[in-house]
Structures are given as structure tokens and as C-alpha cells.
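One structure below.
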Amino acid sequence: MNQLAKTPLHGQGPASPWVVRWSHLLPSSAQVLDIACGAGRHMKWFNDLGHQVTGIDRSPEALSEASAYGTVALADIENGPWPLIKEQKTQQFQALVVTNYLWRPLFPVIMESLAPGGFLIYETFSLGNETVGKPSRPDFLLKPGELLTCFPGLRTIAFEDGFLADPPRFVQRIVAQRPHAMTSPAQAPAIYRL
């Protein structure tokens, strides 16, 4: 009897080197949200670092694996309401992680979900990727420098836009911080270690 090969779930494998590289910016025991978390590779990474992790995805199969690393929310965030509302306000997190996912209408919700002083770590495909594989539709590919303009008011800490060889893909990646509400210069954030 033939059995169908099981399709690998999105979000398996090791954490993205970009996410790993910038994880040190988070305060200890930070509340982290992984958007389109899949099977939870980044949830696992942040959970292992001692952070409180929440993941959102529309795949119940993927979330059954991701739930081992934190709280999960089953939601179709492209066609339904944002699931993380508490007392009629968008829940805020000290870090948001988004990898290999692009849904431009979600950008305002991402901004609302980032707490003052919080960090956005974002990495996804960009134009040029259609020459090496999928995704190849322009709707799922960032335009040159687009991530620098999508989140106004955030302070850019790092940005890359280019080709990665293993596996071959074109990506954009950004790490940015939402400013603190400062009442005096003494509250300004410390210099970031690169």
C-alpha cells in the first residue's frame, strides 16, 4: 500500500541566522510574538533563551508542534480579525518576529503590537527571488528598500537587501526599535551592541 509522503511544515529547522544574530537586543524574559510561526522554529529559539513566546499561524498541524514552545493562536490573519486583542486593545509585545511572510495590510497591526522600546525582527523575500524560485509573485516580494518605509517611526538598527546563496534567495531584512516614551534624556536607550 502506497503512503503519501508527508509535506514538511513551514517553520521547521534551525532559527534564521538573522533572528539569532539580533536576539541579544531583547531584555530578559521578553514577551515575543512570532507572526506566521509555522511549526515554531523561532518560538523554540526564543523559548530556549528564556523568553515568553506567542505564535500565530493558520495551520493547526503546524501549531500542534509550535505549542511545545509557548502559547499559540490559530488564526487566518489575512482574512479574519487580528486574534490578539485584550480589553479592546491590541496586545503589545517587546519583540515581533516575522520571517518568510509578507502581507502588507498587516503592517499597521504589527506597529500597534510593538510595545514602546520593543524590537521588530523581520526577514522575507524580495524582488529578484522570482529568478531563483518561489515565492515569485510580486504580491509576495518586497520592492527594493521597502522594509525601510513600511514602519514609520521605528528606529532602524540594521537593514540588508540582497542575495543569499544557501539556499539561493533574494531577501530583505530589518531590525528596528519602537522608541521609548522618554520624559528626560536620562531615559534614552543605551548604545546597541552590534
task: Report whether or not Phe151 is crowded, with 17+ Cβ neighbours inside 10 Å, more than 20 Å from Ala30 (Cα to Cα) and either free of Cβ contacts under 8 Å to residues at least 60 places away in the same chain or out of contact with any Cys (no Cβ under 7 Å at 6 or more places or on another chain) (or both).
output: yes
Every residue from the stretch 141-155 that is under 17 Å from the mean Cα position of the chain (by Cα) and under 20 Å from Val19 (Cα atoms): Leu141, Leu142, Glu146, Leu147, Leu148, Cys150, Phe151, Leu154, Arg155
- request: Scan the stretch 109-139 residue by residue and report those that are of a type outside the set (Val, Ile, Thr) and under 15 Å from the mean Cα position of the chain (by Cα).
  value: Met111, Glu112, Ser113, Leu114, Ala115, Gly118, Phe119, Leu120, Tyr122, Glu123, Phe125
statement: Residue set Val72, Val109, Val97, Val53; condition among the aliphatic types (A, V, I, L, M), under 23 Å from Glu146 (Cβ atoms) and without any contact (Cβ under 8 Å) to a residue 60 or more places away in the chain; output residue Val109
task: Take Thr156 and decide whether it is among the hydroxyl-bearing types (Ser, Thr, Tyr) and free of Cβ contacts under 8 Å to residues at least 12 places away in the same chain.
output: no
- request: Return yes when Val72 is under 15 Å from the mean Cα position of the chain (by Cα), at pLDDT 95 or above, closer than 26 Å to Arg169 by Cβ and surrounded by 15 or more Cβ atoms within 10 Å (Cβ to Cβ) and no when it is not.
  value: no
query: Got a sec? Which of Thr124, Thr90 is touching an Asp or Glu at 6+ places or on another chain (Cβ under 6 Å) and either without any contact (Cβ under 8 Å) to a residue 24 or more places away in the chain or crowded, with 16+ Cβ neighbours inside 10 Å (or both)?
result: Thr90
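For every residue, the table says whether it meets (1) part of a loop (DSSP other than H, G, I, E, B); (2) within 18 Å of the chain's Cα centre (by Cα); (3) modelled with pLDDT under 95; (4) surrounded by 14 or more Cβ atoms within 10 Å (Cβ to Cβ).
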position: Ala158; (1), (2), (3), (4): no, yes, no, yes
position: Phe163; (1), (2), (3), (4): no, no, no, no
position: Val171; (1), (2), (3), (4): no, yes, no, yes
position: Ile174; (1), (2), (3), (4): no, yes, no, yes
position: Met182; (1), (2), (3), (4): yes, no, yes, no
position: Ile191; (1), (2), (3), (4): yes, no, yes, no
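The values are calculated or read from the model by the stated rules, or taken from the named source; none is laboratory data. This structure is a prediction, so every number in the text was calculated from the model and none was measured. Virtual Cβ from ideal backbone geometry, glycine too; neighbours counted across all protein chains shown.
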